[in-house]
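Here's the structure we're looking at; comments come further down.
Each reported figure results from applying straightforward, stated rules to the coordinates on display, with no laboratory input. Remember, it's a predicted structure, so these values are computed and weren't measured experimentally. Glycine gets a Cβ as well: all are built from the backbone with ideal geometry, and neighbour counts include every protein chain shown.
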Amino acid sequence: MTAPPEFHRLFDATPGPYLILAPDSPHFTIVAVNDAYLRATLTTRDAIVGHGLFEIFPDNPEDPGATGVNNLRVSLETVLQTRAAHVMAVQKYDIPKRDGSDGFEERYWTPMNLPVFSETGVLTHIIHHVEDVTELVHLTQRRDAEDAAHQTLRTRAEWLEDEIVRRTKAEAQRDALFISERERSIAAESANAAKSQFLAAMSHELRTPLNAICGYVQLMEMGLHGPITPEQNGDLERIKTNQQHLLRLINDILNFTKLDAGQVEYRVMDVPVDATLRATEAMVMPQMRFAGLEYVYDGCDPTLTVYADRDKTQQILLNVLSNAVKFTPRGGCIRVSCTMYTSDVDIRISDTGIGIPADKLEAVFDPFVQVERRLNQPVEGIGLGLAISRELACGMGGDLTVVSRVGVGSTFILRLPLSIATSATLTHHRKGVVERQYDYDALGPSL
């Protein structure tokens, strides 16, 4: 059978610093001390046991503001009065040097005093437990001194106490917060995936009947079911126009869901800027003539190429030009130009439309958002064209931005990287190459 433990040996070996005090106020005689306390206070057992606590550990006479003795005495008296444990805040309590020299060594502690009762409920001893936090306090003081040299020691101590409380609370909540954030992230990803799947499925389902409508309209226009009157032909033209409008909206939704899901593939190659702009001009010219707008193309070096996806570059240009047509009143002008820089090309599309308010310049690139740029009539679209265009531009290593003035017009700037071939030419021929220096006040239309 194992012999009972020798509790005084267990007490001596306890890792935390402990004193056993008699409840004989005002002396509070030291009855026992463990090894950790002796090491922390640089004392010996024979030198302190049997002596009053404040006889062994008085205040530092060289520190007129020392309050360690007073604070500790108040704590011990509180234990005697309340018969309950008392935890103290961080205390500055210097201890006498034990290396033979005079003076005191600065120390900071976190003390706790606990009552011990006999079987009959008599308070027989007080356990005095401390932790030496001197190094932590010194580190905090040095940091505070660098951040705010004007702060006093009292302010730093208060900050330390607040920091300890904050860290304690943060430690208790860390796991719960992490789990909660992760669950919300998973839920958001799931909801976004479900949204994309729904939009894609809905768009595919709508395209089938719309294509069928277009087919039947073409058959009727060809007269396969008999001749049609001019009035009927006009009705068929309106049906076909609305069918094509709906189809464009559905294609925008499909393109957006692909971008949102990261499923867009880019076939990048050397794309001639001038040829692409001229091809796009042919596509939008009927809209411009119908809207009564002037179109000006300043021309571009035919040898200039960008490293991009040809179809997606043209899609961006069509989206931006179509927007310019929508928001420019009859008699206005749309101008297209390009400028080559050291590593990329800016294609500017300027209009003399009604402009965009300064606080809405970024909002025009948000999906499903239509900024109020109206000309007293409804504007077609669901607010995806510019959002898709910016995503496509960024996907090709470029960007799409805008500068605008209300009542003057807007300039959309498509930036695309120079192709390898053009960049190689630039190393030998620097003509026409300028460093980008935007004057955003001057970037608006000057038509």
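Three principal axis extents describe the C-alpha atoms of segment 43-129; from largest down they are 47, 29, 16 Å.
Look at THR110, THR140, THR229 and count the other Cβ atoms within 10 Å of each Cβ; fewest to most, that gives THR229, THR110, THR140. Take the Cβ-Cβ distance between ARG167 and ILE127 as r, set R0 to 22 Å, and report the resulting FRET efficiency rounded to the nearest 0.05. Once the sixth-power term is evaluated, E becomes 0.25.
Model label sites at THR303 and CYS394, defined 7 Å from Cα along the beta-carbon direction, differ in position by 3.5 nm.
The modelled label-to-label distance for the pair HIS51/THR67, using points 7 Å beyond Cα in the direction of Cβ, is 2.7 nm. Computed extension gain for ALA187 through ALA145, at 0.36 nm per residue and net of the alpha carbon distance, reaches 10.6 nm.
Where the convex hull is taken over the Cα atoms of segment 288-356, what is its projected area averaged over directions, in nm²? Don't jump to the answer; show the numbers that get you there.
On the way: hull surface 21.5 nm².
Here the figure is 5.4 nm², rounded to one decimal.
Taking segment 13-79 as the region of interest, what is the percent of Cα-Cα pairs per 5 angstrom bin, listed from the shortest bin to the one with the maximum distance? In order of increasing distance, the bins hold 3, 17, 24, 25, 21, 9, 1, 0 percent.
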